[in-house]
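For reference, the structure discussed in these notes is given below.
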Amino acid sequence: FNAKTFQINGLEVNEAMRTLISGAQARGIFSPTDRIRGRGAWSTKGGLVWHAGDRIFRIEGRSLQASPPGEIDGVFYPNLPRATVPWAEPVDPADNPAHTLLEALGSWNWERPILDPLLVVGWIGCAFLGGALDWRPHLYTTGDKGVGKSTLHWLIKSVLGASLHSSADTTPAGIYQRVKQDALPVAIDELEATDDNRRVLGVVSLARLASSGAVMFRGGSEHEGVEFQLRNTFFMSGINPPPMNAADRSRLALLNLGKLDPATVKKPPALDVDVAGRMVLRLLMDGWARFDGLLQAWKSELHAGGIDSRGQDTWGTLLAVAELLLGREAMADQGLPMDEGDLGYLGGSIAAMTAQERADMEENWVDCLDFLLGSSIEAWKDGDKPTVGSAIEKWEQPQGWTTDEANRRLALVGLRVLEHFPGSVHDKRLLLAIPTSAAKAPQLAKLYERQKWGGGVWATALKQAPKTIIYRDLGNGQKCKINRVTSHCLLLDLKAYDEWKEKGVV
């Protein structure tokens, strides 16, 4: 540097190298997995920030503040293509686009016309908030052709604008390579069940991992592993949804659309899509400080209504964000009993609306046991092929099969029934003995073959049941002789299981 002319006249290479190396050493090892945040909403020590790609936005007081991308609280926000920019001023309640959006959603023929439009509004809010949420719920809309699924995709895409990763045909690898560190939402149209569901289920599995922000490891070029952590919400649709297990279903709301009646269809209100998304984002940023309180209130209400913890996460997050955008009065006008009854009345109403959907989300041990009870007993000599469950029912009937008759049939699949008297002769329990070893029960192993509980995994699954339903602490009392082989068995209390099912526990 020339001190007289104030001009740079050279480069001190060694000094520059020492300075850079010293600075890097002071900062320590850098991991892009949890130290780089792409576009979308993120929670920081100072509240909520929105990474719009080329600028970082936050609310200070009632003002929207913008700053260039860079480091905030030890996390780096890189310069990226522009996403949605928040509305510059606080949104006047009279101009709230969420109300118009809710009215527009009412033009579809929802199976649950009160609840489903609210869930869609809630999901749109969650789509913006993705990276800031502890739990990210997803939506899957289903219905035959002509019910408006593609139009619904268009509406959502119009509102979210540049903040949406949208595709009609993709793979899991295509998704996480596209979103990278973004917390922006993902919309996939025509995610259909096929004769080979591996690709489709891979996408659903990806959404499941994104709910909690789980870290994934994938192989990369030159045999180097690559880490991905998804914090995106997913919107999916199809005529026939792919087969999903309870873990997948518990992380999404399944919305069914019916055919539209041309005689009753009303023209939806005009929604200014050029500003709606920006205003929704501003409403979320202004109201973020209230979100935790709303979420806890909804979780308490749903818990009192009988919905389990995973349902509280999924439904509670969607409804809390919907309330953040719409307010209680608008949700009450929609038909939800927001201010009626004691704690649990509203939760019970939502539980009733979602009962069928939650009924399909049985726990793993229940699915494993129901598969067993519904399986046919093959190769019966008179040509009759009763199921395991129907054979047990014939044994339970007063004038039905004797224990010996039932066991001759059940032995064909490696099972046995027996009577148990835990307290007195007046306390009789009817039990089904289920061997835990695949080696000692080849007939049972064949029945579970090609199932996820095969190879003896059924024993681990069934141990997830309450101990009052499946006994596993009776010591030698759990040893049963089946087909002249003595096996350690889990003992299913048939009456306790029937009572548990009748309560509708899910």
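The values are calculated or read from the model by the stated rules, or taken from the named source; none is laboratory data. Keep in mind it's a predicted model, so treat the numbers as computed, not measured. Positions of Cβ are backbone-derived with ideal geometry, glycine not excepted, and every protein chain shown enters the neighbour counts. In case anyone asks, the SASA skips ligands and DNA or RNA and just uses the protein heavy atoms, side chains included. Shrake-Rupley method; radii C 1.70, N 1.55, O 1.52, S 1.80 Å.
Selection over segment 56-79 of residues that are open to solvent by 40 Å² or more (accessible area, probe 1.4 Å), within 27 Å of Ala26 (Cβ to Cβ) and touching a residue at least 12 places away in the same chain (Cβ under 8 Å) gives a count of 5.
A residue that is within 23 Å of Gly131 (Cβ to Cβ), crowded, with 18+ Cβ neighbours inside 10 Å and touching a strand residue (DSSP E or B) at 6+ places or on another chain (Cβ under 6 Å) cannot be found anywhere in segment 25-34. Screening Leu101 on (1) in contact with a Lys or Arg (Cβ under 7 Å, 6 or more places away or on another chain); (2) open to solvent by less than 80 Å² (accessible area, probe 1.4 Å) shows it passes everything except condition (1). Close Cβ contacts (under 8 Å, 6 or more residues apart or on different chains) running from residues in segment 234-246 that are more than 20 Å from Lys157 (Cβ to Cβ) to residues that are hydrophobic (A, V, I, L, M, F, W, C) and open to solvent by less than 10 Å² (accessible area, probe 1.4 Å) comprise Pro241/Leu191; Pro242/Leu191; Pro242/Val200; Pro242/Val204; Met244/Val204. Would you pick out the residues in segment 176-197 that are of a type in the set (D, E, K, R) and within 24 Å of Ala83 (Cβ to Cβ)? The answer is Arg178, Lys180, Asp182, Asp189.
Screening Pro113, Pro68, Pro90, Pro97 for residues that are out of contact with any Leu (no Cβ under 8 Å at 6 or more places or on another chain), closer than 15 Å to Arg282 by Cα and not acidic (Asp, Glu) leaves exactly one candidate, Pro90.
Just to be sure, is Val147 hydrophobic (A, V, I, L, M, F, W, C), touching a Lys or Arg at 6+ places or on another chain (Cβ under 8 Å) and at pLDDT 90 or above?
Details: hydrophobic (A, V, I, L, M, F, W, C): yes; touching a Lys or Arg at 6+ places or on another chain (Cβ under 8 Å): yes; at pLDDT 90 or above: no.
No; evaluated as a whole, the condition is false for this residue.
Looking at segment 367-379, is at least one residue within 15 Å of Trp458 (Cβ to Cβ), at pLDDT below 90 and either under 42 Å from the mean Cα position of the chain (by Cα) or in a helix (DSSP H, G or I) (or both)? Yes - at least one qualifying residue is present in segment 367-379. Have a look at Phe234, Phe228 and point out the one that is at pLDDT 80 or above and under 21 Å from the mean Cα position of the chain (by Cα). Of Phe234, Phe228, the one residue that is at pLDDT 80 or above and under 21 Å from the mean Cα position of the chain (by Cα) is Phe234.
Given the structure, is Cys480 touching a Pro at 6+ places or on another chain (Cβ under 7 Å) and in contact (Cβ under 8 Å) with a residue 12 or more places away in the chain? In short, no.
Residues that are open to solvent by 30 Å² or more (accessible area, probe 1.4 Å) and closer than 15 Å to Asn364 by Cβ within segment 446-496 comprise Gln451, Lys452, Val457, Thr460, Lys463, Gln464, Pro466, listed in sequence order.
So is Ser163 closer than 29 Å to Leu48 by Cβ and surrounded by 18 or more Cβ atoms within 10 Å (Cβ to Cβ) or not? For Ser163, the condition - closer than 29 Å to Leu48 by Cβ and surrounded by 18 or more Cβ atoms within 10 Å (Cβ to Cβ) - is met.
Would you call Glu190 touching a helix residue (DSSP H, G or I) at 6+ places or on another chain (Cβ under 6 Å), at pLDDT below 85 and either farther than 16 Å from Pro172 by Cβ or open to solvent by 40 Å² or more (accessible area, probe 1.4 Å) (or both)? Steps first, please.
Details: touching a helix residue (DSSP H, G or I) at 6+ places or on another chain (Cβ under 6 Å): no; at pLDDT below 85: yes; either farther than 16 Å from Pro172 by Cβ or open to solvent by 40 Å² or more (accessible area, probe 1.4 Å) (or both): yes.
No: the conditions fail for Glu190.
The set of residues from segment 449-484 being touching a strand residue (DSSP E or B) at 6+ places or on another chain (Cβ under 6 Å), under 16 Å from Trp500 (Cβ atoms) and not hydroxyl-bearing (Ser, Thr, Tyr) comprises Leu462, Ile469, Ile470.
Looking at Asp144, Asp116 in this structure, which one is of a type in the set (Asp, Glu), closer than 29 Å to Leu252 by Cβ and surrounded by 15 or more Cβ atoms within 10 Å (Cβ to Cβ)? Full working, then the answer.
Details: Asp144 fails: surrounded by 15 or more Cβ atoms within 10 Å (Cβ to Cβ).
Exactly one residue qualifies, and that residue is Asp116.
Listed by position, the helices (runs of 4 or more DSSP H) inside segment 252-353 whose residues that are open to solvent by 10 Å² or more (accessible area, probe 1.4 Å) and touching a Lys or Arg at 6+ places or on another chain (Cβ under 6 Å) number at least 1 are 309-326, 345-353.
Quick check, is Ser205 open to solvent by 60 Å² or more (accessible area, probe 1.4 Å), at negative phi and at pLDDT 85 or above? Here the answer is no, as Ser205 does not meet what is asked. Only one of the numbered conditions (1) out of contact with any Ser or Thr (no Cβ under 6 Å at 6 or more places or on another chain); (2) over 27 Å from Pro243 (Cα atoms); (3) surrounded by fewer than 24 Cβ atoms within 10 Å (Cβ to Cβ) is not met by Ala132, and that is (1).
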